[in-house]
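Before anything else, here's the structure in question.
The values are calculated or read from the model by the stated rules, or taken from the named source; none is laboratory data. Because the structure is a prediction, the values reported are computed rather than measured. Virtual Cβ from ideal backbone geometry, glycine too; neighbours counted across all protein chains shown.
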Amino acid sequence: MAEPEWMKSAPTPISSVLVANRGEIACRIIRACQEMGIEGIAIQSDSDTGSLHSEMADRVVNLPGTSLADTYLNSDAIIEAAKSCGADAIHPGYGFLSERADFAKSVTSAGLIWIGPSPDAINSMGDKVTARRHMEDASVPVIPGREILVGGDENTTIDSLVDAATSVGYPLLLKASAGGGGKGMRVVREPKRLQQEFAAAQREAETAFGDGTVYIERLLENSRHIEVQILADNHGNTLHLFERECSIQRRHQKVVEEAPSPVLDPKTRDAMGAAAVSAAQAVSYSGAGTVEFLLSPDGSFYFLEMNTRLQVEHPVTECISGIDLVEQQIRVASGLPLPFTQTDLSIRGHAIEVRIYAEDPSLGFLPATGPLAVFRPPEGPGVRLDTGVRQGDEARIDFDPMLAKLIVHGSSRDQAIRRMERALQSFVILGATTNVGFLIDIMRHESYIAGETTTNFIDIHFPDGWNSKMSNSTAAVLAASAEFMGLHRNHAKSSMEDGGRTTSNDPFLLLSRRFP
């Protein structure tokens, strides 16, 4: 393979990348590598043999075992795999080891290129208390809050806890310093619940992150969760690629993301973008990262945290900016400067992303399992699907239950909403329960259409959960499924009449055996 033109000018050419991840994000990174003329190398556990990300890769290295500790969280095994196959660099994706400073340091110590920010930047932003201090020093607005001084005896800790809570005021939020994803987080609305919730947050933080440090923040109700994508190189250039609104969440996990936000005016957008750039510069950041803010009803915004990696929802930013974020991560890691400036960037239309989960929204969003006997994604202009599965795979619970990310891009928010609704209606997944019907109802909800998307959107509009029997989306999903099944019933019948050449992989026969 001829050396790509961009690589000829790179101080440290990258010709092969090992992706230290699996599933959808591994597929995304491998595809970007191949489009750049770079070899994409996958790792796989025994249970992932034959998976989509393994099939897409130019080469695959097997990590023996099925547990995360033996495979995707085994930093020594991953680095050894990269060295054994001659990879130049490691891309961590998101989740797993992506925000582990010790892993980043081990990668570079092994003579490999780390596609991500420096270990120091990861450490600075990985601990929320430390990150708050950095932001205060950089004059980035932070949510009013207090650290809790844990003393040598219980009384000292309780005194510090009560003093911090009194200073911040109720309602308040207890948050794990090393946490994320809602773990180690507790809402406290009255003083009598403070000590009990503090103890619970400490236990959960210790279990999830190995660090029971908890601090207090003011609870901003009816706020919006807005994050700003930043890019920085190692030549002193830092810029932002505008914002994403990620307010619709359940249990602090994002469900719907869109870019740009339906409520930001140009002045607030510029101020938030400038604050995100200042946040990144405060820790000498390089590569792609996300600075998250809460926007209060009065228009003021506050730093929430920084994710020192690629975000799940990065595709909506790519849609409105025209920038491939994975490509830029690789270019920055090779020592190249960013090929554009802030003034080169502009917002192009509107993009929405929804996360397709194997879960049952009518049962409190419990994870679901089952064969993906039919997996027919939608197609059409402005429709993108990022996934790590295909028809015939299994919806499993040993990893994240997310099956795919469905992304649409339109010239306006109204067009994007209509395009997403149509795409969801024509997305046929049979064999495992999914949240597609619930997502359709969100797209059709008058408050969502009006842009009234606060962090308590689901609690307000679906207080008793979601019931498919009462949903106006059920008919659309069933109609699309029936149409697909009708086509395959006819296919199976004609195949039998043709001499019985229907294969054991035929989706109609698979479903017939499961649902006779």
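Residues checked against (1) hydrophobic (A, V, I, L, M, F, W, C); (2) under 28 Å from A10 (Cβ atoms):
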site: L52; (1), (2): yes, no
site: N62; (1), (2): no, no
site: T71; (1), (2): no, no
site: C85; (1), (2): yes, yes
site: S98; (1), (2): no, yes
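Within the bounds of region 330-346, is there any residue that is at pLDDT 95 or above and part of a strand (DSSP E or B)?
The initial filter retains those residues of region 330-346 that are at pLDDT 95 or above, namely 330-346.
From the residues that got through so far, the ones that are part of a strand (DSSP E or B) too are none.
Taking every residue of region 330-346 in turn, none turns out to be at pLDDT 95 or above and part of a strand (DSSP E or B).
Which one of these does I25 not meet: (1) in contact with a Gly (Cβ under 8 Å, 6 or more places away or on another chain); (2) free of Cβ contacts under 8 Å to residues at least 24 places away in the same chain; (3) of a type in the set (V, I, T)?
Answer for I25: the failing condition is (2).
Being under 23 Å from V129 (Cβ atoms) and among the polar types (S, T, N, Q) narrows it down to one of Q229, Q281, so name that one.
On the way: Q229 fails: under 23 Å from V129 (Cβ atoms).
So the residue among Q229, Q281 that is under 23 Å from V129 (Cβ atoms) and among the polar types (S, T, N, Q) is Q281.
Test R100 against the stated conditions and say whether it is within 12 Å of V19 (Cα to Cα) and of a type in the set (D, E, K, R).
Details: within 12 Å of V19 (Cα to Cα): no; of a type in the set (D, E, K, R): yes.
Judged against the criteria, R100 is not a match.
Can you give me the number of residues within region 330-354 that are surrounded by 23 or more Cβ atoms within 10 Å (Cβ to Cβ) and closer than 23 Å to E258 by Cβ?
Number satisfying all stated conditions: 5.
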